[in-house]
Amino acid sequence: MSASRTIGDAKAHHQAAWRGLSRERIEFESTLVQVPIVKRLLEGNWRAHDYRSLLVNLRQQVIEGSRWISRAASNLSPEHEDLRSMFVRHAVAEHRDFRLLEDNYVAAGGRLEEIQNRPKNIGSEAFSAFMYHTASKPDPLGMLGAMFIIEGLGERMAGEWAALIQSQLDLPDKAVSFLAYHGENDSEHIAMFEHALKLAATSAERTEDIVRHARVVARLYRLQLEELDNV
Amino acid sequence: MEVFINASGQFLPGEPVPNEQMTDYIGTISPDADRRGKQTLRNNGIRQRHYAINADGSTDLTVAEMAARALGSVLDCAETDPRSIGFLASATTQNDFMVPGMASQVHAAMGLPPMEIANMQSVCASSMMALKAAALQVAQAEHDAALVCGAEFSSRYFRPGHYLGTDAVAADGTLPGDADFLRWTLSDGAAGLLLENRPRERGLSLKIDWITLTSFADRFAPCMTGGAAQQDDGSLKPWSHFTSAEAAARAGAFQLRQDIDALYRMLPVWLGEFMRLVDTGRIDPLSVDWFCCHYSARSLRKEMTRLATRAGCMIPEERWFTNLYEKGNVGAASIFLILDDLLRSGNLSAGQKILLAVPESGQSIMAHAGLTVMENGE
């Protein structure tokens, strides 16, 4: 096989992965409006309780995020050492994010003990279980598909949601800093992600695996929004 | 059974109207509204269009009449006896009347014998609904030959009299963006096709390989509307639910509206449908020789190009064929106008692949069709 052919194949795999992930993300994000809590937000019908409920439910999942990324990093073999260092850096960057959620909750009128002690909702249970399951496998490259959905949601929706929430509920900046942070920074994470995808999507099988993980996680992420407070 | 497009034609009323003469026809709501219109024109890139109204707002035409004239020009270049046509499907955004449907009036205006008809009312994608209905009729051997037309007469809704005195006009004489946008976007005309169960013996035919049409109304609210007024809670109130037609008119219910932000939110979903067809093997971007996409603005084309390039499914820009900038955005007529101009361009040769793409913002629809060029029946 010639060198140019190899480069051409690599580009084709990367583009196929990007296309597949884009399709999953578009389907996920465009149908979120069907989820009651999102629908009410977009229609301007939120109560103060809705935001506090979202924060409590997100916190129990976010606290797990850097933990399953770390576990995934530990299962990446030397072949994927560049990916491993990216995973580790990402885990470090986000492992205290749940504190932001707690601060936001208190700033939005909630009690700290309340957000710290609530169990995961049944959707978050499924979501977290799947992420740990994937992260525990050898060379869990499918994690990238999952991370694309989660970071993509932050990049494209979090900023808009923060603004909507703030205006509807008349909240100070310090009450929406988690969503605002992800709205501002997840585009950098997506850029980093694109590089990671080039490293990982090097065959049709790997590409399919990454896209499939995106599909599963999109469904499970939605499930946790559908099951708010259903513990 | 295989189905072939064997003739095409168009009717564009009057002389082309350049940007600087638009207000001679659609009038001026306020100087400020005109300034905003210039911005819309810079975005959509349209340089000229046709209007079926005269400078004083009067007209000798109807949308059905334009459709019939376009189909007359289709039959003028067909190998087929018009009496053998068994089916007519018509497409438009707003018919002349609310009742009955346009297909009846087109049939009447054409003077053809009794036939089966279908009336498609949506926005741009109604053209593809009509095309698919006709293609299936011929494919199922229900009819040997079918006519398809798309026609629009939007300018008549854009005269100042449809806005002044309604709640839509602000104290400073401006219109909200959603009411203003389409005045500078849409124009008039009609075009049509003849479908048959065999190719032409001489000249160009287009074999219809497949047609897809998908609605995404499960996730989008209406984005382009007419006949309803938005309420404070965001819901749309149909004109007929007002206490009187006059009250509905005052609330702006009869104005055509376009939520421009929603348009840009729909774009990824339309492109997602395109990517689905790439991934399932229906579309091979590199084997498309002519890409006929009814995009409504140059700015939307740029965004589509950016997304498709990144996803490795961009059809090279030199293969895109459009007449948007010279003939305007004619809604349901546009894709047939594009196809007619492509067929007459002298650039087609046997074996080439044509891809049609028609997004509709109404409540989000995306339609595609794959065609193969044939010459002299081969």
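The values are calculated or read from the model by the stated rules, or taken from the named source; none is laboratory data. Since the structure is predicted, the reported quantities are computational estimates derived from the model, not experimental observations. Every residue, glycine among them, receives a Cβ derived from its backbone with ideal geometry; neighbour counts consider all protein chains shown. Accessible surface areas use protein heavy atoms only, side chains included; no ligands, DNA or RNA. Shrake-Rupley method; radii C 1.70, N 1.55, O 1.52, S 1.80 Å.
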Out of A:Leu223, A:Leu153, A:Leu164, A:Leu141, I need the residue that is assigned to a loop (DSSP other than H, G, I, E, B) and among the hydrophobic types (A, V, I, L, M, F, W, C). Which one? A:Leu141
Residue count, region B:345-371 (criterion: surrounded by 18 or more Cβ atoms within 10 Å (Cβ to Cβ) and in a strand (DSSP E or B)): 14
Of the residues B:Ile85, B:Ile29, only one is under 20 Å from B:Phe336 (Cα atoms), touching a residue at least 40 places away in the same chain (Cβ under 8 Å) and more than 23 Å from the chain's Cα centre (by Cα); which? B:Ile85
Selected residue (only one of B:Arg319, B:Arg310 is on the phi < 0 side of the Ramachandran plot and within 14 Å of chain A (Cβ to nearest Cβ)): B:Arg310
Can you find a residue that is in a helix (DSSP H, G or I), away from every other protein chain (no Cβ under 14 Å) and basic (Lys, Arg) anywhere in region B:249-262? yes
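Here's the yes/no breakdown for (1) among the aliphatic types (A, V, I, L, M); (2) not assigned by TED's automatic domain parsing to the domain that holds B:Leu41; (3) not in a strand (DSSP E or B):
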| site | (1), (2), (3) |
| --- | --- |
| B:Ala118 | yes, no, no |
| B:Gln137 | no, no, yes |
| B:Glu142 | no, no, yes |
| B:Ala151 | yes, no, no |
| B:Gly165 | no, no, yes |
| B:Gly173 | no, no, yes |
| B:Ala179 | yes, no, yes |
| B:Arg183 | no, no, yes |
| B:Arg202 | no, yes, yes |
Quick one: in region A:9-19, which of the residues that are more than 7 Å from every other protein chain (Cβ to nearest Cβ) and open to solvent by less than 40 Å² (accessible area, probe 1.4 Å) is modelled with the lowest pLDDT? A:His14
Under 6 Å by Cβ, and 6 or more places apart or on different chains, what pairs join a residue from region A:21-38 that is free of Cβ contacts under 8 Å to residues at least 12 places away in the same chain and more than 9 Å from chain B (Cβ to nearest Cβ) with one that is part of a helix (DSSP H, G or I) and open to solvent by 10 Å² or more (accessible area, probe 1.4 Å)? none
Specify which of the listed residues (B:Val63, B:Val74) is out of contact with any helix residue (DSSP H, G or I) (no Cβ under 8 Å at 6 or more places or on another chain) and either open to solvent by less than 10 Å² (accessible area, probe 1.4 Å) or under 12 Å from B:Ala191 (Cα atoms) (or both). B:Val74
Number of the condition not met by B:Pro113 [criteria: (1) open to solvent by 10 Å² or more (accessible area, probe 1.4 Å); (2) closer than 30 Å to B:Ala78 by Cβ; (3) within 21 Å of the chain's Cα centre (by Cα)]: (3)
With criteria (1) assigned to a loop (DSSP other than H, G, I, E, B); (2) more than 22 Å from the chain's Cα centre (by Cα), B:Met275 comes up short on (1)
B:Thr214, sole failed condition from (1) touching a helix residue (DSSP H, G or I) at 6+ places or on another chain (Cβ under 6 Å); (2) of a type in the set (Ser, Thr, Tyr); (3) open to solvent by less than 10 Å² (accessible area, probe 1.4 Å): (3)
For A:Gly159, indicate whether it is open to solvent by less than 10 Å² (accessible area, probe 1.4 Å) and modelled with pLDDT under 95. no
Only one of B:Glu378, B:Glu303 that is out of contact with any Cys (no Cβ under 6 Å at 6 or more places or on another chain) and either assigned by TED's automatic domain parsing to the domain that holds B:Leu41 or in a helix (DSSP H, G or I) (or both): B:Glu303
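Every residue, every condition in (1) open to solvent by less than 10 Å² (accessible area, probe 1.4 Å); (2) more than 14 Å from chain A (Cβ to nearest Cβ); (3) out of contact with any Asp or Glu (no Cβ under 7 Å at 6 or more places or on another chain), yes or no:
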| residue | (1), (2), (3) |
| --- | --- |
| B:Met129 | no, yes, yes |
| B:Lys132 | no, yes, yes |
| B:Ala145 | yes, yes, no |
| B:Thr174 | no, yes, no |
| B:Leu204 | no, yes, no |
